[in-house]
Structure formats: C-alpha cells, structure tokens
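A short write-up of the structure that comes next.
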Amino acid sequence: MELKRIGLRRSAGRTGICFDNAMTESFLSVLKNERVSRVTYLTREAARRDITHYIEFWYNRKRLHSAVGYRPPHEAHAEYQKLRIAA
C-alpha cells in the first residue's frame, strides 16, 4: 500500500465506517453552505485567502457550535488548554 510505503496512516477506519470523519464532513458541509457556494473565486489564491479568513475570523471565533456547548471553537480550545495546564 502506498501510504504504508511512505510512512503514513489512513485517517478513517474500514470502508463504510463513517464515524472517523463525521466532524470533518460536518465542517466541510458548513464551509460549503455558508461561504464557498455564495462566492465566485477568480483564482485559487483568492479562494485560499477568502476561505482562510472565513475559518480564522468567523468559524473559529464567532460561529457557535453545539458540539462545544454553543461556544466558538477558540473558546472551547482555550478552556481545554487551561484545564490541561492545571492538571
């Protein structure tokens, strides 16, 4: 297998096991519905800049997420780091 040859592991389980990638698929769905399908990108660089800005300044800092108690991800991550340091 090519991945093994170059020293990488698959991120998902067996074929048909959806749980490994559920959070990523959810994020990509939100990204597509909230941003990418609403904008026309003239270049790959324009798309990269816009999507990076969306993720860093809206998705991570302002958008509320049910999976982390209806808080933005950066707040949940900061709390996790504080608890980890205290332990």
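The values are calculated or read from the model by the stated rules, or taken from the named source; none is laboratory data. From a predicted model like this one, the values you see are computed outputs, not experimental measurements. With ideal geometry, Cβ positions are generated from the backbone for all residues, glycine too; neighbour counts draw on all protein chains shown.
Give region 54-83 a look and list any residue that's among the small types (Gly, Ala, Ser) and either over 21 Å from Glu34 (Cα atoms) or free of Cβ contacts under 8 Å to residues at least 24 places away in the same chain (or both), or say none.
Ser66, Gly69, Ala76, Ala78
Which members of region 1-30 meet the condition of being within 21 Å of Phe57 (Cα to Cα) and either modelled with pLDDT of 95 or more or in a loop (DSSP other than H, G, I, E, B) (or both)?
The answer is none; no residue qualifies.
Need pairs with beta-carbon distance below 6 Å; first residue of a type outside the set (Ser, Thr, Tyr) and within region 23-44, second surrounded by 12 or more Cβ atoms within 10 Å (Cβ to Cβ); sequence gap 6+ or separate chains.
Hits for this filter: Arg35/Tyr54.
If you take the residues of region 38-87 that are in a loop (DSSP other than H, G, I, E, B) and charged (D, E, K, R), which of them is nearest to Leu28 (Cα to Cα)? I'd like the intermediate steps shown before the answer.
Within region 38-87, the subset in a loop (DSSP other than H, G, I, E, B) is 39-43, 60-64, 69-70, 72, 87.
Now restrict to residues that are charged (D, E, K, R): 61-63.
Details: Arg61: 17, Lys62: 17, Arg63: 14 Å.
Looking at residues that are in a loop (DSSP other than H, G, I, E, B) and charged (D, E, K, R), I get Arg63.
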